[in-house]
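In what follows, a single structure is set out as structure tokens and then discussed.
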Amino acid sequence: MAEPAREELSALAAIFCGPDEWEVLSRSETDGTVFRILTKAEGLTGADVPLELVFHLPVNYPSCLPGISVHSEHLTRAQSVTVKEKLLQQAENLLSEPMVHELVLWIQQNLRHVLNQPDTGSGSTFATGMTVDDGLWLTLLRLDHMRAKTKYVKTVEKWASDLKLTGRLMFMGKIILILLQGDRSNIKVPKSVMLNINLAIFC
């Protein structure tokens, strides 16, 4: 590992010196160093969101980008992936210089903005769509999480009723799926509408 990287690791250990804030997970002359930083950043509601950031510094770092993993019980999988992608984008601007502390400071200051972007709002995506009969269309939706279930149930029940759709809610472990069937023109609702109602659950 390059000397700047060694110096950075020593500095990070001194900066993140609180209980459980810093932990080296592995160290290898061939694979580099993997370590974990526990920190917090302001979320969408203004409350602090605990973040577990795992960095992998390859042996030729900082001449190459670090590996980054983001974990938090307060974020959906889609939100964690988005945070990771934004951190890697920032890392590209800091290539060839020690960057971990800068990245941690950046996400502490920008997490709320990152989560507020449209592609991280509900964490819901279209999975597939297919014709099952002339005039009928079948679409499968996947949700990453549910909030205020009772309120959402009523909202989507009305939405489905107005569009003359039938549907089924399915749980497959941690995966939540909604199966919709009806006239194709009614199922092809603009994505912005889906996001506004957060793809509420109904059965």
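Label the stretch 13-75 by shape, choosing from rounded, prolate and oblate, from the square roots a ≥ b ≥ c of the eigenvalues of the Cα gyration tensor; if a/c is under 1.5 it is rounded, and otherwise prolate applies when a/b is larger than b/c, oblate when it is not.
Taking the square roots of the gyration eigenvalues as a ≥ b ≥ c, the stretch 13-75 is prolate.
Residue separation times 0.36 nm, minus the C-alpha to C-alpha distance between SER10 and ALA47: what's the value?
10.3 nm
Between THR30 and LYS164, 0.36 nm times their residue separation minus their Cα-Cα distance comes to what?
42.2 nm
Bear in mind these aren't lab numbers, they're just calculated from the coordinates by the rules spelled out. Owing to the predicted nature of the structure, the values given are computational and were not obtained by experimental measurement.
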